[in-house]
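J.: Let me begin by handing over the structure; questions about it come next.
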Amino acid sequence: MTQDDAINSAEKVTHFGFETVAEADKARRVRGVFDAVAKRYDIMNDLMSGGVHRLWKAALIDWMNPAKGTHLLDVAGGTGDIACRFLDRTGPDARVTVVDINAEMELVGRDRAIDQGRLNIGWAVGDAEKLPVKDRSVDYVTIAFGIRNVTRIPLALKEMRRVLKPGGRFICLEFSKVVIPGLDQIYEEYSFKAIPRIGKLVTGNADAYQYLVESIRRFPDQDTFAKMIAEAGFERVQVRNLTGGVAALHSGWRL
(Lines give C-alpha, C1' and ligand atoms only; values in the text may rest on other atoms or scores of the structure.)
Protein backbone atom coordinates (compact mmCIF):
# COMPACT_ATOMS: atom_id res chain seq x y z
CA MET A 1 0.00 0.00 0.00
CA THR A 2 1.38 3.42 -0.94
CA GLN A 3 1.37 6.44 1.36
CA ASP A 4 -1.49 7.96 -0.64
CA ASP A 5 -3.50 4.72 -0.33
CA ALA A 6 -2.98 4.69 3.41
CA ILE A 7 -4.18 8.28 3.75
CA ASN A 8 -7.20 7.62 1.55
CA SER A 9 -8.26 4.59 3.57
CA ALA A 10 -8.05 6.51 6.86
CA GLU A 11 -9.67 9.91 6.32
CA LYS A 12 -10.71 12.59 3.88
CA VAL A 13 -7.95 13.86 1.66
CA THR A 14 -7.09 16.93 -0.35
CA HIS A 15 -4.13 18.17 -2.36
CA PHE A 16 -1.08 20.09 -1.21
CA GLY A 17 0.41 21.01 -4.54
CA PHE A 18 0.71 17.72 -6.40
CA GLU A 19 0.86 15.74 -3.16
CA THR A 20 -2.14 14.01 -1.57
CA VAL A 21 -2.52 14.84 2.13
CA ALA A 22 -5.11 14.45 4.86
CA GLU A 23 -7.58 17.36 4.95
CA ALA A 24 -6.74 17.94 8.60
CA ASP A 25 -3.07 18.42 7.73
CA LYS A 26 -3.27 20.91 4.87
CA ALA A 27 -3.79 24.10 6.89
CA ARG A 28 -0.74 23.32 9.03
CA ARG A 29 1.42 22.73 5.98
CA VAL A 30 0.20 25.91 4.27
CA ARG A 31 1.06 27.87 7.42
CA GLY A 32 4.53 26.38 7.26
CA VAL A 33 4.99 27.55 3.67
CA PHE A 34 4.08 31.13 4.48
CA ASP A 35 5.98 31.19 7.78
CA ALA A 36 9.07 30.41 5.73
CA VAL A 37 8.64 33.25 3.22
CA ALA A 38 6.64 35.93 5.08
CA LYS A 39 9.40 38.53 5.39
CA ARG A 40 10.26 38.38 1.69
CA TYR A 41 6.81 37.55 0.30
CA ASP A 42 6.21 40.93 -1.36
CA ILE A 43 9.73 41.04 -2.80
CA MET A 44 9.13 37.62 -4.35
CA ASN A 45 5.81 38.78 -5.80
CA ASP A 46 7.63 41.62 -7.56
CA LEU A 47 10.36 39.33 -8.87
CA MET A 48 8.05 36.51 -9.99
CA SER A 49 5.60 38.76 -11.82
CA GLY A 50 7.93 41.55 -12.91
CA GLY A 51 5.78 43.87 -10.81
CA VAL A 52 2.62 42.98 -12.74
CA HIS A 53 0.89 41.80 -9.53
CA ARG A 54 0.62 45.49 -8.60
CA LEU A 55 -1.39 46.14 -11.78
CA TRP A 56 -3.63 43.16 -11.01
CA LYS A 57 -4.33 44.46 -7.50
CA ALA A 58 -5.04 47.92 -8.88
CA ALA A 59 -7.50 46.30 -11.31
CA LEU A 60 -9.24 44.63 -8.35
CA ILE A 61 -9.76 47.97 -6.60
CA ASP A 62 -10.81 49.66 -9.84
CA TRP A 63 -13.45 47.00 -10.52
CA MET A 64 -14.67 47.15 -6.91
CA ASN A 65 -14.94 50.96 -7.07
CA PRO A 66 -15.61 51.05 -3.33
CA ALA A 67 -17.71 53.74 -1.70
CA LYS A 68 -16.22 56.00 0.96
CA GLY A 69 -16.79 55.06 4.57
CA THR A 70 -17.33 51.37 3.87
CA HIS A 71 -15.94 48.25 5.56
CA LEU A 72 -13.77 45.69 3.78
CA LEU A 73 -12.93 42.21 5.00
CA ASP A 74 -9.72 41.07 3.32
CA VAL A 75 -9.25 37.32 3.75
CA ALA A 76 -5.72 35.88 3.54
CA GLY A 77 -4.55 39.49 3.34
CA GLY A 78 -1.66 39.21 5.77
CA THR A 79 0.76 41.71 4.24
CA GLY A 80 -1.96 44.37 4.03
CA ASP A 81 -1.47 45.12 0.35
CA ILE A 82 -5.17 45.08 -0.61
CA ALA A 83 -6.15 46.75 2.68
CA CYS A 84 -3.89 49.73 2.04
CA ARG A 85 -5.06 50.11 -1.54
CA PHE A 86 -8.69 50.05 -0.37
CA LEU A 87 -8.05 52.77 2.21
CA ASP A 88 -6.21 54.91 -0.35
CA ARG A 89 -9.37 54.81 -2.46
CA THR A 90 -12.01 55.17 0.28
CA GLY A 91 -10.50 57.67 2.70
CA PRO A 92 -9.99 57.84 6.47
CA ASP A 93 -13.58 56.98 7.43
CA ALA A 94 -13.37 53.52 5.85
CA ARG A 95 -12.35 50.40 7.76
CA VAL A 96 -10.59 47.16 6.92
CA THR A 97 -10.48 43.90 8.80
CA VAL A 98 -7.68 41.56 7.71
CA VAL A 99 -8.06 37.87 8.53
CA ASP A 100 -5.20 35.51 7.80
CA ILE A 101 -4.41 32.02 9.05
CA ASN A 102 -0.73 32.92 9.21
CA ALA A 103 0.39 35.10 12.12
CA GLU A 104 3.83 35.72 10.60
CA MET A 105 2.29 37.25 7.49
CA GLU A 106 0.04 39.47 9.61
CA LEU A 107 2.99 40.72 11.65
CA VAL A 108 4.63 41.89 8.44
CA GLY A 109 1.45 43.66 7.32
CA ARG A 110 0.63 45.15 10.72
CA ASP A 111 4.11 46.60 11.20
CA ARG A 112 4.04 48.13 7.73
CA ALA A 113 0.58 49.64 8.32
CA ILE A 114 1.65 51.15 11.66
CA ASP A 115 4.77 52.61 10.06
CA GLN A 116 2.51 54.28 7.48
CA GLY A 117 0.13 55.59 10.15
CA ARG A 118 -2.73 53.36 9.04
CA LEU A 119 -4.60 52.71 12.28
CA ASN A 120 -8.02 51.83 10.82
CA ILE A 121 -7.00 48.27 9.94
CA GLY A 122 -8.00 45.48 12.33
CA TRP A 123 -5.96 42.27 12.34
CA ALA A 124 -7.24 38.81 13.26
CA VAL A 125 -5.66 35.39 12.92
CA GLY A 126 -8.35 33.08 11.57
CA ASP A 127 -9.32 30.45 9.05
CA ALA A 128 -11.21 31.32 5.85
CA GLU A 129 -13.48 28.34 6.56
CA LYS A 130 -14.56 29.81 9.92
CA LEU A 131 -14.23 33.57 9.78
CA PRO A 132 -14.18 35.41 13.13
CA VAL A 133 -16.62 38.00 11.74
CA LYS A 134 -20.32 38.61 12.42
CA ASP A 135 -23.07 37.79 9.92
CA ARG A 136 -23.93 40.54 7.44
CA SER A 137 -21.36 42.96 8.86
CA VAL A 138 -19.11 44.05 5.96
CA ASP A 139 -19.65 45.79 2.63
CA TYR A 140 -16.93 43.99 0.66
CA VAL A 141 -14.95 40.77 0.93
CA THR A 142 -11.73 40.24 -0.99
CA ILE A 143 -9.23 37.41 -1.18
CA ALA A 144 -6.11 37.85 -3.33
CA PHE A 145 -3.93 34.84 -4.12
CA GLY A 146 -5.27 32.97 -1.12
CA ILE A 147 -8.30 30.92 -2.14
CA ARG A 148 -6.24 28.17 -3.75
CA ASN A 149 -4.55 27.49 -0.38
CA VAL A 150 -7.87 26.86 1.38
CA THR A 151 -8.64 23.23 2.22
CA ARG A 152 -12.42 23.34 1.60
CA ILE A 153 -13.03 26.12 -0.91
CA PRO A 154 -16.86 25.77 -1.06
CA LEU A 155 -17.06 26.19 2.71
CA ALA A 156 -14.85 29.30 2.61
CA LEU A 157 -17.00 30.82 -0.15
CA LYS A 158 -20.12 30.30 1.94
CA GLU A 159 -18.39 31.93 4.92
CA MET A 160 -17.48 34.96 2.84
CA ARG A 161 -21.06 35.29 1.69
CA ARG A 162 -22.29 34.91 5.30
CA VAL A 163 -20.40 37.99 6.51
CA LEU A 164 -21.47 40.24 3.63
CA LYS A 165 -24.32 42.68 4.08
CA PRO A 166 -27.18 42.36 1.57
CA GLY A 167 -25.95 44.24 -1.48
CA GLY A 168 -22.34 43.47 -0.54
CA ARG A 169 -19.74 42.29 -3.02
CA PHE A 170 -17.12 39.55 -3.11
CA ILE A 171 -14.04 39.81 -5.35
CA CYS A 172 -11.33 37.19 -5.70
CA LEU A 173 -7.97 37.68 -7.44
CA GLU A 174 -6.24 34.41 -8.18
CA PHE A 175 -3.88 32.77 -10.63
CA SER A 176 -5.90 31.03 -13.31
CA LYS A 177 -5.66 29.25 -16.67
CA VAL A 178 -3.85 30.95 -19.56
CA VAL A 179 -6.17 31.43 -22.52
CA ILE A 180 -3.67 32.63 -25.15
CA PRO A 181 -2.12 29.84 -27.25
CA GLY A 182 1.66 29.79 -26.93
CA LEU A 183 1.70 31.90 -23.77
CA ASP A 184 0.57 28.86 -21.80
CA GLN A 185 3.70 26.90 -22.74
CA ILE A 186 6.02 29.81 -21.94
CA TYR A 187 4.29 30.32 -18.60
CA GLU A 188 4.55 26.62 -17.78
CA GLU A 189 8.29 26.57 -18.43
CA TYR A 190 8.87 29.74 -16.45
CA SER A 191 6.75 28.58 -13.51
CA PHE A 192 8.37 25.21 -12.91
CA LYS A 193 11.95 26.03 -13.88
CA ALA A 194 12.47 29.64 -12.79
CA ILE A 195 10.18 30.39 -9.86
CA PRO A 196 11.52 27.75 -7.40
CA ARG A 197 15.07 28.86 -8.25
CA ILE A 198 14.21 32.50 -7.61
CA GLY A 199 12.51 31.46 -4.39
CA LYS A 200 15.62 29.65 -3.21
CA LEU A 201 17.83 32.62 -4.05
CA VAL A 202 15.63 35.23 -2.35
CA THR A 203 14.09 33.31 0.57
CA GLY A 204 16.34 30.26 0.88
CA ASN A 205 13.28 28.04 0.35
CA ALA A 206 12.74 26.48 -3.08
CA ASP A 207 10.19 23.97 -1.75
CA ALA A 208 7.75 26.72 -0.72
CA TYR A 209 7.67 28.08 -4.26
CA GLN A 210 7.50 24.63 -5.79
CA TYR A 211 4.31 24.16 -3.75
CA LEU A 212 2.95 27.54 -4.87
CA VAL A 213 3.51 26.69 -8.54
CA GLU A 214 1.87 23.28 -8.10
CA SER A 215 -1.08 24.81 -6.23
CA ILE A 216 -1.72 27.14 -9.17
CA ARG A 217 -1.91 24.17 -11.53
CA ARG A 218 -4.38 22.38 -9.25
CA PHE A 219 -6.73 25.35 -9.00
CA PRO A 220 -9.96 25.21 -11.09
CA ASP A 221 -10.20 27.10 -14.36
CA GLN A 222 -12.19 30.32 -14.68
CA ASP A 223 -15.55 28.77 -15.58
CA THR A 224 -15.35 26.04 -12.95
CA PHE A 225 -14.50 28.49 -10.19
CA ALA A 226 -17.29 30.84 -11.32
CA LYS A 227 -19.75 27.94 -10.91
CA MET A 228 -18.40 27.28 -7.40
CA ILE A 229 -19.02 30.93 -6.48
CA ALA A 230 -22.60 30.72 -7.78
CA GLU A 231 -23.18 27.46 -5.92
CA ALA A 232 -22.11 29.21 -2.70
CA GLY A 233 -25.08 31.55 -3.15
CA PHE A 234 -23.54 34.56 -4.88
CA GLU A 235 -25.39 36.23 -7.73
CA ARG A 236 -24.32 38.21 -10.81
CA VAL A 237 -21.06 36.24 -10.96
CA GLN A 238 -18.56 37.68 -13.44
CA VAL A 239 -15.01 36.90 -14.53
CA ARG A 240 -12.27 39.11 -15.94
CA ASN A 241 -9.03 37.65 -17.26
CA LEU A 242 -5.79 39.49 -16.56
CA THR A 243 -2.63 39.10 -18.65
CA GLY A 244 -4.20 36.49 -20.90
CA GLY A 245 -5.55 34.45 -18.00
CA VAL A 246 -2.34 34.21 -15.98
CA ALA A 247 -4.57 35.68 -13.27
CA ALA A 248 -8.30 36.34 -13.13
CA LEU A 249 -10.76 38.40 -11.14
CA HIS A 250 -14.01 36.76 -10.03
CA SER A 251 -16.88 38.87 -8.69
CA GLY A 252 -20.16 37.98 -7.01
CA TRP A 253 -22.84 39.79 -5.03
CA ARG A 254 -24.97 38.97 -2.01
CA LEU A 255 -28.41 40.20 -3.10
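The values are calculated or read from the model by the stated rules, or taken from the named source; none is laboratory data. Since the structure is predicted, the reported quantities are computational estimates derived from the model, not experimental observations. Quick reminder, even Gly has a Cβ in these numbers, built from the backbone with ideal geometry, and neighbours come from all protein chains shown. Surface accessibility is based on the protein's heavy atoms, side chains included, excluding ligands, DNA and RNA. Shrake-Rupley method; radii C 1.70, N 1.55, O 1.52, S 1.80 Å.
J.: Near Phe145, within a Cβ-to-Cβ distance under 13 Å, what is the net charge of the other residues, with Lys and Arg +1 and Asp and Glu -1?
T.: Result for the local shell: -2.
J.: Between Ile101, Thr90, Leu119, whose Cα lies farthest towards the positive end of the dipole of the range 80-133 when Lys and Arg beta carbons carry +1 and Asp and Glu beta carbons carry -1, centred on the Cα centre?
T.: Working it through, the farthest residue towards the positive pole turns out to be Thr90.
J.: Using a 1.4 angstrom probe, figure out how much accessible area the range 9-112 has per residue, in square angstrom, rounded to the nearest whole.
T.: I get 44 Å² per residue for the range 9-112.
J.: Arrange the residues Asp62, Asp74, Asp81 by how much accessible surface each exposes, largest first, with a 1.4 angstrom probe.
T.: Largest to smallest exposure gives the sequence Asp62, Asp81, Asp74.
J.: Do the sum for the chain: with -39,500 (n - 2.57) for every DSSP H run of n ≥ 4, divided by all residues, what is the mean residue ellipticity at 222 nm, to the nearest 500 deg cm²/dmol?
T.: -14000 deg cm²/dmol
J.: Checking a compactness column here: for the range 116-247, what do you get for Rg(Cα) / (2.2 N^0.38 Å), N being the number of residues?
T.: Taking the Cα Rg and dividing by 2.2 N^0.38 Å, one obtains 1.20.
J.: Further question on the same structure: Run the accessible area of the chain with a 1.4 Å probe and give the carbon-and-sulfur part as a rounded percent.
T.: 52
J.: Compute the Cα gyration tensor for the range 46-117, then decide on rounded, prolate or oblate, letting a ≥ b ≥ c be the square roots of its eigenvalues: rounded whenever a/c is under 1.5, prolate when a/b is larger than b/c in the other cases, and oblate in all that remain.
T.: oblate
J.: I'd like the distance separating the alpha-carbon centroids of the range 189-252 and the range 101-139, in whole Å.
T.: If we compute the Cα centre of each part, the gap is 22 Å.
J.: For the range 119-171, just list the percent of Cα-Cα distances falling in each 5 Å bin from zero outward, please.
T.: 5, 19, 30, 28, 15, 3, 0
J.: Let me ask you something else. If R0 is 25 Å, what FRET efficiency do you get for Phe192 and Ala124 from their C-beta distance, rounded to 0.05?
T.: The calculated FRET efficiency here is 0.10.
J.: For a label point 7 Å from the Cα of Leu107 along Cα→C-beta, name the residues of the range 40-79 whose backbone N is under 19 Å from it.
T.: Within reach of a label on Leu107: 40-44, 76-79.
J.: Now for a separate question. Which value, in Å to one decimal place, does the Kirkwood hydrodynamic radius take for the chain when every pair of different Cα atoms is included?
T.: 18.6
J.: Along the range 110-123, what does the Karplus equation 6.51 cos²θ - 1.76 cosθ + 1.60 (θ = phi - 60°) give for ³J(HN,Hα), rounded to whole Hz, x for Gly and Pro?
T.: 4, 4, 5, 5, 5, 4, 8, x, 8, 9, 9, 10, x, 10
J.: Report the full-extension gain for the segment Leu47 to Asp25: residue separation times 0.36 nm, less the Cα-Cα distance, to one decimal in nm.
T.: 4.9 nm
J.: Sticking with this one: How large is the charge dipole for the chain, taken about the Cα centre, if only the Cβ atoms of Lys, Arg (+1) and Asp, Glu (-1) carry charge, to the nearest 20 debye?
T.: 700
J.: Which pairs in the list Lys68/Lys134; Lys165/Lys227; Lys26/Lys227; Lys158/Lys200; Lys57/Lys165; Lys130/Lys227 are over 26 Å apart, alpha-carbon to alpha-carbon?
T.: Lys158/Lys200
J.: Can you order the peptides 139-147, 85-93 by their average number of other Cβ atoms within 10 Å per residue, highest first?
T.: Output ranking for 139-147, 85-93: 139-147, 85-93.
J.: Another question, if that's okay. With a 1.4 Å probe and all protein chains left in place, how much accessible area per residue does the range 135-220 have, in Å²?
T.: 43
J.: Moving on to the next point. Net charge around Arg29, counting only other residues with Cβ within less than 12 Å of its Cβ (Lys, Arg = +1; Asp, Glu = -1)?
T.: That sum, taken over residues with Cβ under 12 Å, equals -2.
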